[in-house]
Amino acid sequence: MTPRLQEKTHPPESAATSLTAVLVTDSAQPHPKRPTTRLLGGLVVRTTPDPRGIVHWILPGVVVLYTVHAREPRTFVFRTATSRFSQILTRVPGVSPSVVLLVQTTTLGRQALVHRLFRQLGRARREPSHLPDVFYSKLQTVLARRAPSAAAIDSLLLQADDPSR
């Protein structure tokens, strides 16, 4: 049994408010048969060691940016599950329990666009979790285009700020 690290204050855990575990593997020493995973966005309330890396625990309802590098790069943007999403949950590698998948990309160019969006939100001190799921559905549509652009994503952000547009 491994000792627990100091954890931040959070609501008591129950079935409706259970934490989501996100595994982050060590990219400095990659294992040839295991993908390298990175957590690039999300509010971590505690971490625990794991033989494969470090498990980051995230509260329900938080939007997370997570990458998996195996044969191809995969980027996932998901919202950790709350009880109200019980019918639309998706399994993401290295994440437990299932989550609400908002965006998934499989190319480095699209991955860069998603990373750019999260950096913009961070610089503006905007919490990705405060954007509605409809925003992320539109983002997925933009990313599915033949040649998605940063300008199109910027336009989505402007629409999220001013719904009358």
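Going by the conditions given, is Val45 modelled with pLDDT of 85 or more, surrounded by 11 or more Cβ atoms within 10 Å (Cβ to Cβ), farther than 18 Å from Leu101 by Cα and in contact with an Asp or Glu (Cβ under 9 Å, 6 or more places away or on another chain)? First the steps, then the outcome.
Values: modelled with pLDDT of 85 or more: yes; surrounded by 11 or more Cβ atoms within 10 Å (Cβ to Cβ): yes; farther than 18 Å from Leu101 by Cα: yes; in contact with an Asp or Glu (Cβ under 9 Å, 6 or more places away or on another chain): yes.
In short, yes.
Could you say whether any residue in segment 122-140 is among the charged types (D, E, K, R), loosely packed, with under 15 Cβ neighbours inside 10 Å and at positive phi? Checked against the condition, which is being among the charged types (D, E, K, R), loosely packed, with under 15 Cβ neighbours inside 10 Å and at positive phi, segment 122-140 yields at least one hit.
So which residues in segment 32-47 are over 11 Å from the mean Cα position of the chain (by Cα) and under 29 Å from Leu131 (Cα atoms), if there are any at all? Can you show your working first?
We begin by selecting, within segment 32-47, every residue over 11 Å from the mean Cα position of the chain (by Cα); these are 32-37, 44-47.
Passing the criteria: Thr36, Thr37, Val44, Val45, Arg46, Thr47.
Checking Ala81, Ala147 one by one, the residue that is at pLDDT below 90 and surrounded by 18 or more Cβ atoms within 10 Å (Cβ to Cβ) is Ala81 and no other. Being without any contact (Cβ under 8 Å) to a residue 12 or more places away in the chain and aliphatic (A, V, I, L, M) holds for only one residue in Ala81, Ala124, and it is Ala124. Looking across segment 83-130, the residues that are within 15 Å of Asp154 (Cα to Cα) and hydrophobic (A, V, I, L, M, F, W, C) come down to Ala112, Leu113, Val114, Leu117, Phe118, Leu121, Ala124. If you go through segment 40-79 and keep only what is β-branched (Val, Ile, Thr) and more than 22 Å from Thr106 (Cβ to Cβ), you end up with Val44, Val45, Thr47, Thr48, Ile54, Val55, Ile58, Val62.
Could you identify the single residue in Pro3, Pro32, Pro51, Pro12 that is modelled with pLDDT of 70 or more and surrounded by fewer than 16 Cβ atoms within 10 Å (Cβ to Cβ)? Don't jump to the end; show me each part of the working.
Values: Pro3 fails: modelled with pLDDT of 70 or more; Pro32 fails: modelled with pLDDT of 70 or more; Pro12 fails: modelled with pLDDT of 70 or more.
Going through Pro3, Pro32, Pro51, Pro12 in turn, the sole match is Pro51.
Contact map, segment 101-115: residues that are without any contact (Cβ under 8 Å) to a residue 60 or more places away in the chain and closer than 15 Å to Tyr136 by Cβ paired with residues that are among the charged types (D, E, K, R) and assigned to a helix (DSSP H, G or I), Cβ distance under 7 Å, separation 6+ or inter-chain. Pairs shown: Leu102/Asp133.
The single residue among Arg71, Arg34, Arg116, Arg110 that is assigned to a loop (DSSP other than H, G, I, E, B) and more than 19 Å from Val22 (Cα to Cα) turns out to be Arg71.
Looking at Val55, Val62, can you tell me which residue is over 20 Å from Leu143 (Cβ atoms), within 10 Å of the chain's Cα centre (by Cα) and not aromatic (Phe, Trp, Tyr)?
On the way: Val55 fails: within 10 Å of the chain's Cα centre (by Cα).
Selected residue: Val62, the only one of Val55, Val62 that is over 20 Å from Leu143 (Cβ atoms), within 10 Å of the chain's Cα centre (by Cα) and not aromatic (Phe, Trp, Tyr).
For segment 82-96, the criterion of being of a type outside the set (Lys, Arg) and in contact with a Gly (Cβ under 8 Å, 6 or more places away or on another chain) is satisfied by at least one residue.
Is it the case, given these coordinates, that Leu89 is at pLDDT 90 or above and either over 24 Å from Leu139 (Cβ atoms) or surrounded by fewer than 19 Cβ atoms within 10 Å (Cβ to Cβ) (or both)?
no
The values are calculated or read from the model by the stated rules, or taken from the named source; none is laboratory data. For clarity, every value in this text was computed on a predicted model and none was experimentally measured. Ideal geometry is used to build each Cβ from the backbone, glycine not excepted, and the neighbour counts take in all protein chains shown.
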